[in-house]
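Values quoted throughout were computed directly from the atomic coordinates according to the rules given, and no laboratory measurement underlies them. Remember, predicted model here, so these are calculated numbers, not experimental data. Every residue, glycine as well, gets a Cβ built from its backbone with ideal geometry; the counts of neighbours run over all protein chains shown.
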Amino acid sequence: MTYYGLHSLQHRGQEGVGIVTTDGERLQGIKGEGLLNEVFDEKKLDSLKGIGAIGHVRYGGKKGIENIQPLLFHSSSGSLALAQNGNLINANDLKHQLEMQGSIFQTNTDTEVLAHLIKRSGYLAQEDKVKNALSMVKGAYSFMMLTEKELIIAQDPNGLRPLSIGKVGDAYCVAAETCAYDLIGAEYIRDVEPGELIIIDRDGIHEERFSLSATHAMCTMEYVYFSRPDSDIGGINIHTARKNLGKQLALEVNVQGDVVTGVPDSSISAAIGFAETAGIPYELGLIKNRYVGRTFIKPTQELREQGVKMKLSPVRKVVEGKRVIMVDDSIVRGTTSKRIVRMLKQAGAKEVHVCISSPPMTNPCFYGIDVSTHEELIAANHSMEEIREIIEADSLTFLSVEGMLKAIGRSENMGKNCGQCMACFTGEYPTEIYPDTPLPYEKEMK
Ligand code: SF4
């Protein structure tokens, strides 16, 4: 089940994958670099028998098998396996302190910092050790810990990354995205709340809190780009949210076109919404080669550039001689947009109008999504007209921040606190940012 769950979550990370199981007495794990089906075969899966398991797909970060999660630690007082989604913003400080106290680190991950904090905690009960460790870390973490007898999960006090609970038969399952439940026939129960700690063992599920000062600040990019369209976050379906973003964009834009096309896959829903509201036909102007990974997710610019060439092809008969409205979910560095605009023009498009279903991204993300450094973010360093020129589009429109909030609709339930992190668009970070807060992909903790 963990294997199939990870299969549904492969879009969240393609650098490496691992599974750790417990048979009630001991933990064992298998991990490797690459995609799920490259790392696991039937024989390996057969060797991982047990009563509980956790798995993880790795997104960006430092290379090396030691950095692939779950991280597995054995000690005389018991073993534990840890998997984390998100990025701790004070990991460097904590690591330095721990090393001063004698800790030796084997990986570049901030998840290992958490493991040391748990192990060094003076408390006796496992849940108290975890609570104590979590009181020291800051940032974004949806986190799972498997021991021989129990599974402990926690969501950071801002609930920055999605995490939910499901049930299959009399067993519980936990996943970053609800799309993982469909494949294993599980039923979604609820999202894990910010600041919540949940223990699942033979006696069932025990719900607690480790932080009382919790405020919802779900990553907006999960809705815009990152999550799968068949997942729901906070009761909102991702496809519906994206379609609404496209509809709102169509209301805000002033552009004439003959066809609307979306950049596959994450922008298709927004393009459909745009076309519906604008009354312009939606067409498949770009197709994607299914067997190449996502460009955005690859860790280097060189790989990203190679990726996009292999990934997208224009449909000449659809775009030839037409004024094409190209809907995309975001512009980060601008290089991908420029290539796609060129590709459409080379295929005969008369005009290419780029419409982006999110606002200009002007600030880096410190919470685990690679949206580049300030210097590399095109919208942080150029005017709208300059960006339009750089990407060689005939016009360029971004969605407004207000329009984005309205389209996603979380704010309707959350009132004044909109319930979303929008820091990469607004610069208002939901947590404090430390001077040496590492960006996820450049993290090399000393
Ligand atoms: S800064 Fe942007 S990408 Fe990062 S968590 Fe906030 S909304 Fe998501």
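Brief remarks on what is shown
- One Cα centroid belongs to the range 327-401, the other to the range 206-263; the line between them spans 18 Å.
- Antiparallel beta bridges, as assigned by DSSP with both residues in the range 196-283, represent about 90 percent of the total such bridges.
- The magnitude of the dipole of the chain, with charges of +1 and -1 set on the Cβ of Lys/Arg and Asp/Glu and taken from the Cα centre, is near 960 debye.
- Diagonalising the gyration tensor over the Cα atoms of the range 77-168 and scaling each eigenvalue by 5 before taking the square root yields semi-axes of 21, 17, 11 Å, largest first.
- Max-minus-min Cα coordinates of the range 161-235 on each principal axis give 39, 35, 14 Å, with the largest extent listed first.
- Prolate/oblate/rounded call for the range 24-92, Cα gyration tensor, a/c under 1.5 rounded: oblate
- Extended-chain gain in nm, criterion 0.36 nm per residue less alpha-carbon gap, Ile51 and Ser75: 6.6 nm
- Restricting the calculation to Cα atoms, the chain yields a radius of gyration followed by a Dmax of 22.1, 72 Å.
- Inter-label distance, nm, simple model (7 Å from Cα along the C-beta direction), Asp23/Asn132: 3.2 nm
- Shape category assigned to the range 12-138 from the gyration tensor of Cα positions, a/c cut at 1.5: oblate
- Exposure proxy for Ser357, Ser383, Ser227, Ser164: other Cβ atoms within 10 Å of each Cβ, ordered fewest to most, give Ser383, Ser164, Ser227, Ser357.
- The range 193-255 - Rg over Rh from alpha carbon coordinates, Kirkwood radius: 1.19
- Long pairs among Lys62/Lys288; Lys131/Lys406; Lys31/Lys119; Lys62/Lys167; Lys44/Lys167, criterion Cα-Cα beyond 30 Å: Lys131/Lys406; Lys62/Lys167
- Neighbour counting of Cβ atoms within 10 Å sorts the residues Leu405, Leu212, fewest neighbours leading, into Leu212, Leu405.
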